[in-house]
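Novice: Next up is a structure, given as structure tokens.
What follows is calculated from the coordinates using simple rules that are stated; it is not laboratory data. Remember, it's a predicted structure, so these values are computed and weren't measured experimentally. Using ideal geometry, Cβ is built from the backbone for each residue, glycine included, and neighbour counts are taken over all protein chains shown.
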Amino acid sequence: MKHNQYTIGVDFGTDSVRALVVDTQTGNCEAAAVSTYKRWQSGQFCQPNLSQFRQHPLDYLESLEQVISKALEQVSSEIRSRIVGLSVDSTGSTPAPVDRQGTPLALLPQYADNPNAMFILWKDHMANQEAIEINQLAKEWETDFTQFSGGVYSSEWFWSKILRVLRTDPDIRRDAFSWVEHCDWISAELTGNTDPLTLRRSRCAAGHKAMWNEAFGGLPSEAFLVKLDPLLAGLRSRLYTDTYTSDQPMGTISSQWANRLGLPAHVIIGVGGFDAHMGAVGAHIKPYSFVRVMGTSTCDMLMAPNDEIGHLLIKGICGQVDGSIVPGMQGTEAGQSAYGDYYAWFRDILLEPVRELVGEKAYQVMRDKLLPYLSEKAAALPVCKDDMVALDWINGRRTPDAKHTLKAAISGLNLGTSAEQIFKAIVEATAFGSKAIVDRYRAEGVPIKEVIALGGVAIKSPFAMQTLSDVLNLPIKITSSDQACALGAAINAAVASAVYTNVQEAQKAMASDYNRIYTPREERVKIYEDLYKRYLSLGQFIEAND
């Protein structure tokens, strides 16, 4: 093992990008920085009422340069000279159309303001109809290409989004040579080789979101795709067959980007991955750990040896893929399409109507303080079996059993209902949605040995985390690192650059510890069991009338 070497982990989240400079021997974070996406912050290219959420590639490029520059300003020239690797994670599925050279079409002048030429963010649900058609055809086809994706394909994923754009935008249909996930493109961009036919594609992105599997010989067959829609004819051959785990190198940093970022010319760029998968690595995931990446949405990671769960087809989750989290392990993913987003929605419902009345300065103060205030008030409320019950499907249902046409609901309102009571029901709804996922894993024969949480909600909301522990009736460990996803990227970079021989070895030296454990309160566990039954009953009613 080499000592005194450093790697950079870069985490492209929904609202911003974070970067860490990490000592590969000790795991110490030598520098950390954050940069927000300028266009995204101003609401450009998004129409929430249509569920359209697009991000411009310039936001990624500009923020990448800013965040690494900020991080490197905090370290000595000696540390900078010893940086050996850099890896990137991103949200997903977040694909974009590219030309023959692998340039996202939005970087071409004629497409600079066309949302269909941009990266389609994970929470864009404009392709609900396309997802329905994929699921219908998969169940009729001789091979069910959704079998390793929980048996249900989602509008949040690769093929649904591509087909939606091809159907609605003839210009993109004409000029898109191929499509590339955000985590693949930004990693390839750093190496200078963005050729869509040769760049290394992420195993976790391909397996969990694009129905790639070795059992299929790669992606779904050409015959299946053409049957789905003739507009997909020929695209499969312009995508990929092979995929790579995130401990592998994508290549060496290009001279252009080395100079632009002030990095050594020998820095290895790792194969990209999804934020939740990297976060699980940063949180020191072990077999049968249930790792929750809790932010605007949640992604839940669980892995186990292939010979123990590889034979299972776990229904209703977001995929199971050999090596998607840690090579040699079967990686599985689940999650909820809204968690922190649900809380933020309620905050904005309360505050937006008074924004003009109180003025921008007062509004911002109220906006910062409202959720902590509601959390304090809600935490003081008793929990009773006849409390109101809400559903967490404010942005559709991701798992179990993806269905993004579903809507949220609140049952039990009356003229005496207070804001903190509604907020309490919303927080409980997100916890009940989490329990539905845990119950599905167990029902499918997959045990859960521990729960680990990371991300904004896990760190900032003790009320939400205590409620979750009570509902799950399980202890929850909170990671010490507030940037576990970027840390996981740095760990993978340490393996890709040959500082360590495997991810487990790197985790021992670099992964996060835990600084808090929430434990269930016995007096509330039984009450929540009753409320959970009402949650399930309300969900059945809403789904039956969808």
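Novice: Once amide H atoms are placed 1.01 Å from N in the peptide plane, what residues at a sequence separation of 5 or more from F274, or on another chain, have their amide H within under 5 Å of its amide H?
Specialist: S90, A205
Novice: Per-residue counts of other Cβ atoms within 10 Å, averaged by peptide: what ranking do you get for 154-164, 348-358, highest first?
Specialist: The packing order, highest mean first, is 154-164, 348-358.
Novice: Using Cα centres only, tell me the gap between region 215-289 and region 121-173 in whole Å.
Specialist: First find each Cα centre; the distance between them is then 19 Å.
Novice: Evaluate the distance, in nm, between pseudo-label points positioned 7 Å from the Cα of Q52 and of V75 along their respective Cα→Cβ axes.
Specialist: Distance between label points: 4.1 nm.
Novice: Please list 110-119, 387-396 highest first by mean number of surrounding beta-carbon atoms within 10 Å per residue.
Specialist: Result, highest mean first: 387-396, 110-119.
Novice: Per 0.36 nm of contour for each residue apart, how much would the distance between E140 and S221 grow if the chain were fully extended, relative to their Cα-Cα spacing?
Specialist: That pair, E140 and S221, stretches by 27.7 nm at full extension.
Novice: If the cut-off is 13 Å between C-alpha atoms, which aspartates and glutamates fall inside it for K123, apart from same-chain ones fewer than 8 positions away?
Specialist: Excluding near neighbours in sequence, the set is D15, E156, D341.
Novice: Could you work out the relative contact order of the chain? I mean the mean sequence separation of Cα pairs under 8 Å and 6+ apart, divided by the number of residues, in percent.
Specialist: After rounding, I find 17 percent.
Novice: Just need the relative contact order of region 1-65 here, percent rounded to a whole number, with Cα pairs under 8 Å and 6+ apart.
Specialist: 25
Novice: So what are the ³J(HN,Hα) numbers for region 397-403, from phi and the Karplus equation (6.51, -1.76, 1.60; θ = phi - 60°), rounded to whole Hz, Gly and Pro as x?
Specialist: My calculation for region 397-403 gives 10, 7, 8, x, 6, 3, 7 Hz in order.
Novice: Across the Cα atoms of region 1-49, what radius of gyration and what greatest pairwise Cα-Cα distance (Dmax) are found, in Å?
Specialist: 15.8, 53
Novice: I'd like to compare 442-453, 405-416: which one has the highest average count of other Cβ atoms within 10 Å, and what's the full order after that?
Specialist: With the highest mean Cβ count within 10 Å placed first, the list reads 442-453, 405-416.
Novice: Please name whichever of H266, P287, L312 sits farthest to the positive end of the charge dipole of region 232-315, dipole taken about the Cα centre and charges placed at Cβ: Lys and Arg +1, Asp and Glu -1.
Specialist: Farthest towards the positive pole: H266.
Novice: Using a simple spin-label model with points 7 Å from Cα along the Cα→Cβ vector, what separation in nm is obtained for F541 and D242?
Specialist: For the pair F541/D242, the computed spacing is 5.6 nm.
Novice: Grab every C-alpha pair in region 360-437, bin the distances at 5 angstrom width from 0 up to the longest one, and report whole percents.
Specialist: 3, 14, 20, 20, 17, 15, 8, 2, 0
Novice: Considering Cα pairs under 8 angstrom that are at least six residues apart, work out the relative contact order of region 2-155 and quote it in whole percent.
Specialist: Worked out over region 2-155, it gives 23 percent.
Novice: State the answer as a single residue: which of P230, A71, C183 lies farthest towards the positive end of the charge dipole of the chain, with beta carbon charges of +1 for Lys and Arg and -1 for Asp and Glu, about the Cα centre.
Specialist: Of the candidates, A71 comes out farthest on the positive side.
Novice: If you look at just the Cα atoms of region 158-307, how large are its Rg and its Dmax in Å?
Specialist: Spelled out, the Cα radius of gyration and Dmax of region 158-307 are 17.3, 49 Å.
Novice: Right, another one. Give me the distance in nm between label points sitting 7 Å out from Cα along the Cα-to-Cβ direction at L197 and N306, one decimal.
Specialist: Each label point is offset 7 Å from its Cα along the Cβ direction, giving 3.0 nm.
Novice: With both partners inside the chain, how many of the DSSP beta bridges are antiparallel, as a percent to the nearest 5?
Specialist: Given both bridge residues lie in the chain, the antiparallel proportion sits at roughly 70 percent.
Novice: Moving to a separate point now. Efficiency by 1/(1 + (r/R0)^6): what FRET value for E505 and L415, r their Cβ-Cβ distance, R0 = 60 Å, to the nearest 0.05?
Specialist: So, using R0 = 60 Å, E works out to roughly 0.45.
Novice: Nearest 20 debye, what's the magnitude of the dipole of the chain about its Cα centre given +1 on Lys and Arg Cβ and -1 on Asp and Glu Cβ?
Specialist: Dipole magnitude for the chain comes out near 400 debye.
Novice: Here's another thing I want to ask about it. Taking the Cβ-Cβ separation of E376 and T405 as r and a Förster radius of 30 Å, what is the calculated FRET efficiency to the nearest 0.05?
Specialist: In this case the efficiency is close to 0.25.
Novice: What whole-number distance in Å separates the alpha-carbon centres of region 296-358 and region 493-529?
Specialist: Here the two parts' Cα centres lie 16 Å apart.
Novice: List every DSSP H helix in the chain whose Cα atoms extend 30 Å or more along the helix's own long axis and whose mean Kyte-Doolittle hydropathy is at least -1.0.
Specialist: Length and hydropathy pass: 419-443, 522-544.
Novice: Would you mind calculating the gained length between Q129 and A233 on full extension (0.36 nm times residue separation, minus the Cα-Cα distance), in nm to one decimal?
Specialist: Length gained, Q129 through A233: 35.5 nm.
Novice: Further question: Taking only the Cα atoms of region 391-535, how large is their convex hull per residue, in Å³?
Specialist: Spread over its residues, the Cα hull of region 391-535 gives 147 Å³ apiece.
Novice: Here's something else I'd like to know. Could you give the length gained by full extension between D439 and D113, i.e. 0.36 nm per residue of separation minus their alpha carbon distance, to one decimal place?
Specialist: 112.9 nm
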